[in-house]
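Each remark here refers to the structure printed beneath this line.
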Amino acid sequence: MSLLIYSWLSRLFIACLLCLTSLNAGAETRIAILDFELKDLTLLPRTTTEIERTASIKPLLETELKKADYVIIHIPLIDQNNASGGVGYLFDHDDIAASLAQQFGAEYVLVGRLHKPSFLFAYLMGHLIRVRDAKLIGNYVSEAKGPNKKLTIKTVENLTVKIDRTLDQRYTPPSSH
């Protein structure tokens, strides 16, 4: 009799485990991506080209994350600006960025910056913050050599790979452009 009960309990346990696994597989990861800031240290800072490149990063990153079934949470720029104490503030204050993202139902928030120390290269930087505890769980840097649009796209794909490795590991970058 005890063998029959053991068999029944083990089957019940396996069934429950499969149900929980399937529920997690269908769970959607909600991530907010704030507008990227430009930190241009060159002798000719904030050119139109660099401002446009910086503005293109967020939509490119959102597109790549959507390909991996991440849910993108939109935070209006006005709310982002109201939460910020100035340039670089949200990048340096994980708790404030997390509080902002929590208001919109995000599980994670990415605060980004295009750091340009030279005309020859720039760094795409991102802080991935888990909203529930305001913990920095990812600090990413991807190098972009030159302002070429294709290189910017490739750098965003590289950043997406890094974010996905921290989260759900389901993104496959395009093979080539």
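Scanning the range 118-140 for residues that are part of a loop (DSSP other than H, G, I, E, B), at pLDDT below 95 and either closer than 22 Å to Asn82 by Cβ or not polar (S, T, N, Q) (or both) yields Phe119, Leu120. Considering Asp95, Asp79, Asp69, the condition of being touching a strand residue (DSSP E or B) at 6+ places or on another chain (Cβ under 9 Å), surrounded by fewer than 19 Cβ atoms within 10 Å (Cβ to Cβ) and at pLDDT 95 or above is satisfied by Asp95 alone. Just one of (1) modelled with pLDDT of 95 or more; (2) out of contact with any Leu (no Cβ under 7 Å at 6 or more places or on another chain); (3) under 18 Å from Asn148 (Cα atoms) fails for Leu44. It is (1).
Out of the residues in the range 143-163 meeting the condition of being of a type in the set (A, V, I, L, M) and surrounded by fewer than 20 Cβ atoms within 10 Å (Cβ to Cβ), tell me which one is nearest to the chain's Cα centre (by Cα). Once the filter is applied, the top-ranked residue is Val161. Within the range 87-107, residues that are assigned to a helix (DSSP H, G or I) have Cβ atoms under 9 Å from residues that are among the acidic types (Asp, Glu) and modelled with pLDDT of 95 or more in these pairs: Leu90/Glu37; Phe91/Glu37; Ala98/Asp133; Leu100/Asp79; Ala101/Glu107, counting only partners at least 6 apart in sequence or on another chain.
Among the residues of the range 30-77, the ones that are more than 20 Å from Ala98 (Cα to Cα), over 15 Å from the mean Cα position of the chain (by Cα), among the hydrophobic types (A, V, I, L, M, F, W, C) and not in a strand (DSSP E or B) come to 5 in all. For the range 46-86, name all the residues that are without any contact (Cβ under 8 Å) to a residue 60 or more places away in the chain and of a type in the set (D, E, K, R). Once the filter is applied, which keeps residues that are without any contact (Cβ under 8 Å) to a residue 60 or more places away in the chain and of a type in the set (D, E, K, R), the range 46-86 yields Arg46, Glu52, Lys58, Glu62, Lys66, Asp79.
The values are calculated or read from the model by the stated rules, or taken from the named source; none is laboratory data. Computed from a predicted model, the values in this text were never measured in an experiment. Positions of Cβ are generated from backbone atoms using ideal geometry, with glycine treated the same way; all protein chains shown enter the neighbour counts.
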